[in-house]
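For reference, the structure discussed in these notes is given below.
The values are calculated or read from the model by the stated rules, or taken from the named source; none is laboratory data. Because the structure is predicted, anything quoted here is derived from the model rather than measured. Positions of Cβ are generated from backbone atoms using ideal geometry, with glycine treated the same way; all protein chains shown enter the neighbour counts. In case anyone asks, the SASA skips ligands and DNA or RNA and just uses the protein heavy atoms, side chains included. Shrake-Rupley method; radii C 1.70, N 1.55, O 1.52, S 1.80 Å.
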Amino acid sequence: MLQQARITNEKDHSIIVYSEKHLDCKELGLYGIADKIVIDNGFVSIVDYKSGYVFDSDNNIKNEYVVQLHLYASMCEHLLLGKIKSLSIIDIDGKSIEVHYSPEKSKELINQVQDKILELNKIIVERRFEAIAKRDPEYCHNCSCRHVCEYMVQSEEHLYQTISGYIESIPSNNL
């Protein structure tokens, strides 16, 4: 649920704080919900809360978190919320971890998203689904489309979990 607070500070300007801010950027092909956005005098700070491990095995902030925050930044700029001031993660212990903001990285990610959307649309139009199908029992086992996918690979151990076929009749209306 979107929550917004407006705080007036001693410098006589407003600070707007959003929690669970929906960022809908259809033109960019993106939609997300930022945990917290603070807009102070036209500058945007984005905060994401994490309950798992924030760092990878090399003690760097996990790349998927850096990407997520940069995409949120791109969406905030696209929605004209303000100029990006900071990106940060708050871990389960309440520790704030700054993520370096790179406008170039944000632009590169947006270009990658748009290129991927164009590629996927072309695959759909040409019906070349084999180009993106991940024919692997582990992927197929967890896929929500496995029951209708002609590329599905089913392992023996997961066979009992997947029902496939055609309905020929419904003998009871109680189903």
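Of note:
- Of note, SER144 satisfies the criterion of being hydroxyl-bearing (Ser, Thr, Tyr) and more than 30 Å from ILE15 (Cβ to Cβ).
- Answer from ILE97, ILE110, ILE117 - the residue that is in contact with a Ser or Thr (Cβ under 7 Å, 6 or more places away or on another chain), surrounded by 13 or more Cβ atoms within 10 Å (Cβ to Cβ) and in contact (Cβ under 8 Å) with a residue 60 or more places away in the chain: ILE110
- Residue within segment 116-136 that is modelled with pLDDT of 95 or more and of a type in the set (Val, Ile, Thr) present: no
- Residue within segment 49-58 that is among the hydrophobic types (A, V, I, L, M, F, W, C) and over 19 Å from GLN114 (Cβ atoms) present: yes
- Listed here are the strands (runs of 3 or more DSSP E) enclosed by segment 14-57 that have at least 2 residues being of a type in the set (D, E, K, R): 14-25, 30-40.
- Segment 79-90, subset touching a Phe, Trp or Tyr at 6+ places or on another chain (Cβ under 8 Å) and open to solvent by 30 Å² or more (accessible area, probe 1.4 Å), residue nearest to ASN63 (Cα to Cα): ILE90
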